[in-house]
């Protein structure tokens, strides 16, 4: 009995110890579990924070971020990407990248592992529009997959701004060049003007004097005739007649008159050139006003009607929706007139009969465009760069001053911040395009020029 | 109440009076759990009250005295069972002042559902510690025993003055512990 009691006591003691050991182990495990859970909570919170941060960065990132699978399909993107492609993430995913990034297949095929970049890439949106972009890319493992990442920066505004800047710079260069030529012209005009003035005056005096001498000679001729039969003057008359025959005095007088007339005409022509040079050096003269360009063209055509042969057809295609432009009416009308007369001359020179001149107007991107086209043979390719240079002309000597196009360009570029160019147009040999900025574009140009001056 | 308090009580009674006495006590207390406790479990405080009442009857010792003596013993057991809780503590005041923010926090790691009393440290100087005990289980005597056990563990002499601030529904007791020079 005592042995049994001792046995049970031993068993009870062992069971109690086992229980305590089990409780100790349980507490130890509980403590471990708590520590692990605490660590898990910390890392979960960290992960959540990181994920939130990443998600926020992606949401506010100004550039489109595109994830492309190794099969070159769009896999995921950020908010900016949906705005760029004008479609939701759901609509985008699964589509071939080539649909929106034409040519990307070849680029990605050539891209090795790591980073790559494309300076200018055309991205096509879902609505059919497209925009230029700078693309930075990555190819390699992200997580468990190998993917392509594209970071797409829309540079449409920058490209437009660069184009605009280039155009303004070209205009400024052109204006500076014309200004320099203008200054040179003013100097030459001044130097030529004085001698031309007294040559012209002397020629006029000589012409008048010769007229008087001619009258005197006619009187002497009457005297000679009256005394021709008088024996006393016979020898003297014979001597005069012999001398007259020898020098052909009648022809000589006529020739002198012609020479003086031609010289007068020549001097008048030089005067005209000097006047044009003066005008070239002071293109800013003339009041500006709001002008109906179509009315201006009709006026110019009316003025030139006398010069337009009946065989030349003049077509007008004038847009009725043009805004009025603030410009110097007389200068602009003169430019149009010059271009129309140039067209008429070109047709007369090159064609036996017929010929067509077409004048059209329309508004394009903030500019009013005036096109003056003719089928008068065109301007040879080799001369296209020179036709706007002052004193350059293809007309025969004495017919053209070489100032018309130079002055026209000066009036358009410097006087109106516009453009005058020679362009190609189907069915015509020559087309001059005048582009005049509308009010709001003019303001931008002036502002840019002021900025340019300030920067300089 | 945590099962550890019950199991320690059983060990204490069994060691002092033998297994038969313990079993008789358990039977007399007529416990719904039949006295089956694990340190990791939580059990009704009423069972502790029943057990202590039976022990008081059988021993002739008043319940408050029994709880104080057991509390003092219990603290000694805690130092053996949970030595990690005492690491870094060199004196009784530091340990008692850390009960709320350190010890209870560690207990909650193990037993998230534990309903623990609160120990607010109102005054803490080199010689005076004022603790405000607050509990719905009204175990102020056990608490006093534990404080005594703590002082004994750190071998410090102190006078404990106990002031009941509230009795119901929570028992709120202020313990002023004045350290005595050794």
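The values are calculated or read from the model by the stated rules, or taken from the named source; none is laboratory data. Note that the structure is predicted; figures quoted are calculated from it, not measured. A quick note on method: Cβ atoms are made from the backbone with ideal geometry, for glycine too, and the neighbour counts reach across all protein chains shown.
Brief remarks on what is shown
- Residues in the range B:45-86 that are within 14 Å of another protein chain (Cβ to nearest Cβ), outside any helix (DSSP H, G or I) and exposed (fewer than 14 other Cβ atoms within 10 Å of the Cβ): there are none.
- Pairs where the first residue, in the range B:18-36, is within 14 Å of chain A (Cβ to nearest Cβ) and the second is modelled with pLDDT of 90 or more and outside any loop (DSSP other than H, G, I, E, B), C-beta under 7 Å, 6+ apart: B:22/B:10; B:22/B:13; B:22/B:14; B:35/B:26
- Qualifying residue in the range A:1-22 (condition: in a loop (DSSP other than H, G, I, E, B) and away from chain B (no Cβ under 14 Å)): yes
- Residue count for the range A:244-266, restricted to those that are assigned to a helix (DSSP H, G or I) and either in contact with a strand residue (DSSP E or B) (Cβ under 6 Å, 6 or more places away or on another chain) or without any contact (Cβ under 8 Å) to a residue 24 or more places away in the chain (or both): 14
- Some residue of the range A:301-308 being modelled with pLDDT of 80 or more and more than 28 Å from the chain's Cα centre (by Cα): yes
- Residue within the range A:59-69 that is part of a helix (DSSP H, G or I), more than 15 Å from residue A:126 (Cα to Cα) and in contact with a helix residue (DSSP H, G or I) (Cβ under 7 Å, 6 or more places away or on another chain) present: yes
- Scanning the range B:1-34 for residues that are modelled with pLDDT under 90 and crowded, with 19+ Cβ neighbours inside 10 Å yields B:1, B:2, B:4.
- In the set (1) away from chain B (no Cβ under 14 Å); (2) without any contact (Cβ under 8 Å) to a residue 12 or more places away in the chain, residue A:27 fails one condition alone, (1).
- Of all residues making up the range A:288-325, the number that are assigned to a strand (DSSP E or B) and surrounded by 14 or more Cβ atoms within 10 Å (Cβ to Cβ): 5
- When the range A:86-145 is filtered for residues that are in contact with a helix residue (DSSP H, G or I) (Cβ under 7 Å, 6 or more places away or on another chain) and in a helix (DSSP H, G or I), the ones remaining, listed by number, are A:89, A:92, A:97, A:98, A:100, A:104, A:105.
- Near pairs, Cβ below 6 angstrom, 6+ apart or cross-chain, from the range A:316-330 (under 21 Å from residue A:358 (Cβ atoms)) to any residue that is loosely packed, with under 15 Cβ neighbours inside 10 Å: A:319/A:362
- Restricting attention to the range A:321-348, the residues that are at pLDDT 90 or above and more than 21 Å from residue A:408 (Cα to Cα) total 2.
- Selection over the range A:146-177 of residues that are outside any helix (DSSP H, G or I) and either modelled with pLDDT under 90 or within 18 Å of residue A:412 (Cα to Cα) (or both) gives a count of 1.
- Take the conditions (1) within 14 Å of chain A (Cβ to nearest Cβ); (2) more than 17 Å from residue A:15 (Cβ to Cβ); (3) at pLDDT 90 or above; (4) surrounded by fewer than 19 Cβ atoms within 10 Å (Cβ to Cβ); residue B:42 misses just one of them, which is (3).
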